[in-house]
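**Student:** The structure under discussion is supplied below as structure tokens; questions concerning it will follow.
The values are calculated or read from the model by the stated rules, or taken from the named source; none is laboratory data. Everything quoted here is computed from the prediction, not taken from an experiment. Cβ: placed from backbone, ideal geometry, glycine included. Neighbour counts: every protein chain shown. Surface accessibility is based on the protein's heavy atoms, side chains included, excluding ligands, DNA and RNA. Shrake-Rupley method; radii C 1.70, N 1.55, O 1.52, S 1.80 Å.
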Amino acid sequence: MAGWFRQILHKPKKRHVRPHTNTRDGLELPSQSSSLPETEESTKVPTPNPADTESTSSGSRWCKTYDVCVCHSEQDLMPVQELVSYLEGEPNGLRCFLQLRDAAPGGAIVSELCQAMGNSHCCVLFITPNFLQDPWCKYQMLQALSEAPGSEGHTIPLLFGLARSDYPPELRFMFYVDGNGLDNGFGKVKNTVWRYLQKFS
């Protein structure tokens with residue numbers, strides 16, 4: 001038993017002695033090795049910063065999935081698709097949500113719309129005679145207004161094929177884009193969206 005204790009006691013002593021003898025080397029090596037990564041990290045830290053500043057400048061745009069959520073009547077799908085293709089086209093293409101194209105199959109219609117509006121910076125209301133007669137479109141309009149109350153440029157009404165007298169009373173406090181011009185007001189809508197996005201840059 002005494003031999004076992006001596007062997008056990010002698011082994012740790014040798015192990016303790018070895019680290020003590022090597023601690024001088026060991027302390028120098030970690031300090032050198034730790035100082036090297038620190039210097040490397042310190043040299044690496046400034047380099048991502050410019051990229052980070054660029055990403056933060058555009059990061060507010062990319063924090064949401066879409067730039068524009070387009071609300072419309074299903075009967076106006078053809079002109080709405082023209083609007084979306086114009087907004088998504090280059091230069092300065094925008095990310096658009098078109099419900100019939102981008103909604104998840106099997107998802108609840110109301111929840112898909114609310115999620116899309118919450119994940120979009122702006123909302124374009126494609127207001128036509130069909131839009132005014134559709135209760136679902138009125139729900140979309142009220143939902144868009146409730147998403148960002150008082151936020152100028154968030155909700156963009158596009159009056160298409162209607163007179164000013166037919167403009168919905170819920171929107172009378174904001175200007176609309178006249179869709180009866182040469183480009184159907186698409187260019188003004190795109191410029192308005194980009195002007196709104198620049199607020200976050």
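**Student:** So which pairs qualify, if the first residue must be in the stretch 84-95 and within 14 Å of His121 (Cα to Cα), the second must be surrounded by fewer than 17 Cβ atoms within 10 Å (Cβ to Cβ) and among the acidic types (Asp, Glu), the Cβ gap must be under 7 Å, and the two must be at least 6 apart or on different chains?
**Tutor:** As it stands, the answer is Leu94/Glu88, since those pairs meet every condition given.
**Student:** Of the residues in the stretch 175-201, how many are in contact with a strand residue (DSSP E or B) (Cβ under 7 Å, 6 or more places away or on another chain) and either of a type in the set (Asp, Glu) or assigned to a loop (DSSP other than H, G, I, E, B) (or both)?
**Tutor:** Count: 4.
**Student:** Tell me which residues, restricted to the stretch 114-168, are part of a strand (DSSP E or B) and under 13 Å from His72 (Cβ atoms).
**Tutor:** Matches in the stretch 114-168: Cys123, Val124, Leu125, Phe126, Ile127, Ile156, Pro157, Leu158, Leu159.
**Student:** Do you know which of the residues in the stretch 124-151 that are open to solvent by 10 Å² or more (accessible area, probe 1.4 Å) and aromatic (Phe, Trp, Tyr) is farthest from Asp67 (Cα to Cα)?
**Tutor:** Filtering the stretch 124-151 for residues open to solvent by 10 Å² or more (accessible area, probe 1.4 Å) gives 129-130, 132-136, 138-139, 142-143, 145-151.
From what's left, aromatic (Phe, Trp, Tyr): 136, 139.
Details: Trp136: 22, Tyr139: 21 Å.
Of everything passing the filter in the stretch 124-151, Trp136 is farthest from Asp67 (Cα to Cα).
**Student:** To continue, here is another question. Does Ala103 satisfy the condition of being in contact (Cβ under 8 Å) with a residue 12 or more places away in the chain and touching a Phe, Trp or Tyr at 6+ places or on another chain (Cβ under 8 Å)?
**Tutor:** no
**Student:** Another question, then. Out of the residues in the stretch 103-123 meeting the condition of being in contact with a Ser or Thr (Cβ under 8 Å, 6 or more places away or on another chain) and of a type outside the set (Gly, Ala, Ser), tell me which one is most open to solvent (accessible area, probe 1.4 Å).
**Tutor:** The qualifying residue most open to solvent (accessible area, probe 1.4 Å) is Asn119.
**Student:** Another question about this same structure. Looking only at residues in the stretch 152-201 that are without any contact (Cβ under 8 Å) to a residue 60 or more places away in the chain and on the phi > 0 side of the Ramachandran plot, which one is least open to solvent (accessible area, probe 1.4 Å)?
**Tutor:** Once the filter is applied, the top-ranked residue is Gly185.
**Student:** Of all residues in the stretch 57-102, how many are in a loop (DSSP other than H, G, I, E, B), modelled with pLDDT of 95 or more and open to solvent by 30 Å² or more (accessible area, probe 1.4 Å)?
**Tutor:** Total meeting the criteria: 1.
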